[in-house]
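First the structure, in the form of structure tokens, and then the observations on it.
The values are calculated or read from the model by the stated rules, or taken from the named source; none is laboratory data. Keep in mind it's a predicted model, so treat the numbers as computed, not measured. Heads up, the Cβs are rebuilt from the backbone with ideal geometry, glycines too, and the neighbour counts pull from every protein chain shown. These area figures cover heavy atoms from the full protein model, side chains too; ligands, DNA and RNA do not enter into them. Shrake-Rupley method; radii C 1.70, N 1.55, O 1.52, S 1.80 Å.
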Amino acid sequence: MTEATLETGPVPASGAPPHPIVEFWRYFRGNPGAVGGLVVILAVLLLAVFADVVAPHSPVVTDQNAFLKPPVWQEGGSWTYPLGTDAIGRDMLSRLIHGARYSLVIGLAVVAISVLLGVVLGLIAGFAGGIVEIAIMRLMDIVLTMPSLLLAIVIVAILGPGLMNAMLAVAIVVLPHYVRLTRAAVLTELARPYVTAARVAGAGTLRLMFRTVLPNCMAPLIVQASLGISTAILDAAALGFLGLGAQPPAPEWGTMLADAREFVLRAWWVVTLPGIMILVTVLAFNLLGDGLRDALDPKLKR
Amino acid sequence: MLRFVLTRVSLVVPTFIGVTLLAFVLIRLVPGDPIETMAGERGIDPERHARLLREYGLDQPVLVQYGIYIGRVLRGDLGKSIVTSAPVIEEFATLFPATIELALCAVIFALLLGLPAGVVAAVRRNSIFDHGVMTVSLAGYSMPIFWWGLLLILLFSVKLGLTPVSGRIDLLYYIEPVTGFLLVDSLLSDQEGAFFSALSHLVLPAIVLGTVPLAVIARMTRSAMLEVLGEDYIRTARAKGLSPLRVVGLHALRNALIPVVTVIGLQVGVLFTGAILTETIFSWPGVGKWLVESINRRDYPVLQGGILLIGTVVMAVNLVVDVLYGVINPRIRHTR
């Protein structure tokens, strides 16, 4: 045996099973799509964190002498505005960079709200049973019956347009997925002996819920949450596009597209670029989610 | 069998009541009084204001309003639009065929491309074609379709001048509504060029609306086919010397279609979400655009009736899919 084969051999010499995180990383690393998605997300994250440093201009300051300037490689473009300017002379590149903040915050906040609410409601439904369970699950069925965007629009119409309300609306719309997942997982776990053992040992209901059962329901929730970020970004951008999400002059990508609609005939860059950013970011989160699912789902492991 | 159907139907009833409650309560929560909103900045004198409130039943206690509402809904009366004074149900009936026509064409587009792509990707697993289909469909699944629509307009309407930008048909034509589907009605009307005009208006919106379902169908078909192709009876069919086309097309695809059909049925809600955006981009006169406009105008009865009607349609389709699935697959029928 040569040294090379020894080094690349996948099985560790010791008999102990690898730490779960090490094992997870080994599966995850083997999926080029997921790793690519992770790289893109990290890049977008860096752009968002250092937006003030990276962006050449302010995202909201207008230049009276540069309305709808084309990108640098096109006739009439200049290095002052590498990706051109919008209809009132704001730098496209800077707005796109600052838009990363909005999308990431939206995605993470929406998922955080819906996971928290969904886990609590799912745990209650699973533990309480009876009329409480029926009430919660029927309510979730109603939310699921309505087309998601329609329901989100109605909620925004009630609360009033704006970024916070749009995030809340999207969080409510995606809530049933987390409630159902948590409840299903809780019902499976409750039938297991270790739960009975904990109960016999004198664990209270709250301890049973959060310390005993919940950690064992995490895998499907993590997968759903990472896929949920992409849905959240898409839905919030759609609301922005309909004028119900982040309000101008906020450089949110969907809102930018709404402003750009009327210039579709004259300035392709104000229409094309924000959409590319949405597509790439959403795609990256979907790739990451797929990778997480493959790595975390024991049924798919070979 | 009858018991299975009845159980499924009875499960829908509480959901339906819930949707009426939702439609009713949500609209009452909207800030601002609809009469004042309609009057706008001009204002309105108190006497007229009170008379209009009474006329629309908005002066009653909320519970009474709900009781009256339910009674009317059960008689098929969904009230009148505050803006146009036309009965909501009539407005819906006029606009709904446009949405159905768009949605049907979108699904047909998605099926025509998605099924073969999924089948070939499964048969040629891990080939370049397979990776291509999976990549494209993931991109389609991640697509912000409101942007996709603008992009296609930019390319086909602005750059190439091939398709119109908005509407269902050129204003030159007057088409007598028979079926409500312009593709059919324009043929029946016998006017030269009318069918082509209707078709060219439909192509881009149908592609835009069909993109997400296309991605879902392609992925679903591929994974269902992969599962079926590993079954013993497929090996038997191959061993018997049947042609590969016959094995894949007849033996495998038939069983692979069951989950695919279910997914298509469950896509109705997704399709409607897409229709709201697609109709807004292309000024397509369907119920999606109608509802978005009703929100901007604070036209409560339209919003309320629209939510209820669309919720009902989605529920009905889901129920039909559910029952059909039980009919096709006895294992589902006997689990409850």
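What the table below lists for this structure:
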{"item": "From the options A:116, A:93, A:121, residue that is closer than 30 Å to residue A:168 by Cα, surrounded by fewer than 18 Cβ atoms within 10 Å (Cβ to Cβ) and among the aliphatic types (A, V, I, L, M)", "result": "A:116"}
{"item": "Scope the stretch B:53-78; condition in contact with a Leu (Cβ under 8 Å, 6 or more places away or on another chain) and part of a helix (DSSP H, G or I); matching residues", "result": "B:65, B:66, B:72, B:73"}
{"item": "Single residue of the stretch B:190-248 satisfying the filter (surrounded by fewer than 23 Cβ atoms within 10 Å (Cβ to Cβ), of a type in the set (D, E, K, R) and more than 30 Å from residue B:177 (Cβ to Cβ)) that is modelled with the lowest pLDDT", "result": "B:246"}
{"item": "Contacts under 7 angstrom Cβ, first residue in the stretch B:141-157 being more than 7 Å from every other protein chain (Cβ to nearest Cβ), partner open to solvent by 20 Å² or more (accessible area, probe 1.4 Å) and not small (Gly, Ala, Ser), 6 or more apart", "result": "B:145/B:212; B:152/B:207; B:156/B:162; B:156/B:163; B:157/B:163; B:157/B:164; B:157/B:165"}
{"item": "Elements of type helices (runs of 4 or more DSSP H) contained in the stretch A:75-178, each with 3 or more residues being out of contact with any strand residue (DSSP E or B) (no Cβ under 6 Å at 6 or more places or on another chain), within 14 Å of chain B (Cβ to nearest Cβ) and among the charged types (D, E, K, R)", "result": "A:130-145"}
{"item": "Hits in the stretch B:314-336 (condition: surrounded by 19 or more Cβ atoms within 10 Å (Cβ to Cβ) and modelled with pLDDT of 85 or more)", "result": "B:314, B:315"}
{"item": "Residue in the stretch B:235-253 that is touching a His at 6+ places or on another chain (Cβ under 8 Å), without any contact (Cβ under 8 Å) to a residue 24 or more places away in the chain and assigned to a helix (DSSP H, G or I) present", "result": "yes"}
{"item": "Among the residues listed as A:226, A:230, the single one being under 14 Å from the mean Cα position of the chain (by Cα), among the hydroxyl-bearing types (Ser, Thr, Tyr), farther than 22 Å from residue A:154 by Cα and assigned to a helix (DSSP H, G or I)", "result": "A:226"}
{"item": "Selected residue (criterion: modelled with the highest pLDDT) from residues of the stretch A:255-269 that are open to solvent by 50 Å² or more (accessible area, probe 1.4 Å) and facing another protein chain (nearest Cβ under 9 Å)", "result": "A:268"}
{"item": "Pairs with Cβ under 8 Å, 6+ apart, first in the stretch A:270-290 and facing chain B (nearest Cβ under 9 Å) and under 12 Å from residue A:253 (Cβ atoms), second open to solvent by 20 Å² or more (accessible area, probe 1.4 Å) and among the aromatic types (Phe, Trp, Tyr)", "result": "A:271/A:263; A:275/B:148"}
{"item": "Selected residue (criterion: most open to solvent (accessible area, probe 1.4 Å)) from residues of the stretch B:288-312 that are within 25 Å of residue B:166 (Cβ to Cβ) and more than 10 Å from chain A (Cβ to nearest Cβ)", "result": "B:297"}
{"item": "Count - residues of the stretch B:89-141 that are open to solvent by 40 Å² or more (accessible area, probe 1.4 Å) and among the small types (Gly, Ala, Ser)", "result": "1"}
